[in-house]
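Here's the structure we're looking at; comments come further down.
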Amino acid sequence: MAEIVTLQELKDQLNFTADQGVNDDALLSRKLKAAQNYIESLLGFKLEETYGGADQEEAPAALVEAIYQTAAHWYENREAVLVGVSAQDLPFGVWPIVNEFRRWSF
């Protein structure tokens, strides 16, 4: 799977600083791959088949943002259930973004 968002870009999104090192790189990479996979499943197509190739357009900024938001949300909220905290679904805006680019078939 070709990644639309790089690990460094996700770290920038999360405001990681140099002193935070690489301790969470494996976890961040896993969240990033899962986020792209999840967005692709909602879209109904693989992003690299449509965007980012030599003769293809870049991925729309809104879809890239949906991947950022999803990966960051999953990194910051690592458990499915949180005790004593108000948990939220995916960040506001992810579903409306994805919905604009979905491939519908009947």
Enumeration of residues in the stretch 9-34 that are polar (S, T, N, Q) and in contact with a Leu (Cβ under 6 Å, 6 or more places away or on another chain): SER29
Long-range neighbours under 8 Å by Cβ, at least six apart or interchain, first residue closer than 11 Å to TYR68 by Cα within the stretch 2-20, second of a type in the set (D, E, K, R) and modelled with pLDDT of 90 or more: LEU7/ASP25; LEU10/LYS31
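Being in contact with a Gly (Cβ under 7 Å, 6 or more places away or on another chain) and outside any helix (DSSP H, G or I), is that true of even one residue in the stretch 53-66?
Scanning the stretch 53-66, I find at least one residue that is in contact with a Gly (Cβ under 7 Å, 6 or more places away or on another chain) and outside any helix (DSSP H, G or I), so the answer is yes.
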Test result for ALA2, in a loop (DSSP other than H, G, I, E, B) and within 23 Å of ILE97 (Cα to Cα): yes
All positions within the stretch 59-82 that are modelled with pLDDT of 90 or more and exposed (fewer than 12 other Cβ atoms within 10 Å of the Cβ): ALA61
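Quick check on the stretch 9-54: of everything there that is charged (D, E, K, R) and over 28 Å from ASN99 (Cα atoms), which residue is surrounded by the fewest Cβ atoms within 10 Å (Cβ to Cβ)? Outline the logic, then answer.
Of all residues in the stretch 9-54, those charged (D, E, K, R) come to 9, 11-12, 19, 24-25, 30-31, 33, 40, 46, 48-49.
Filter again for over 28 Å from ASN99 (Cα atoms), leaving 19, 24-25.
Values: ASP19: 5, ASP24: 15, ASP25: 14.
Residue satisfying both the conditions and the ranking: ASP19.
The values are calculated or read from the model by the stated rules, or taken from the named source; none is laboratory data. Note that the structure is predicted; figures quoted are calculated from it, not measured. Glycine also receives a Cβ, built like all others from the backbone with ideal geometry; neighbour counts cover every protein chain displayed.
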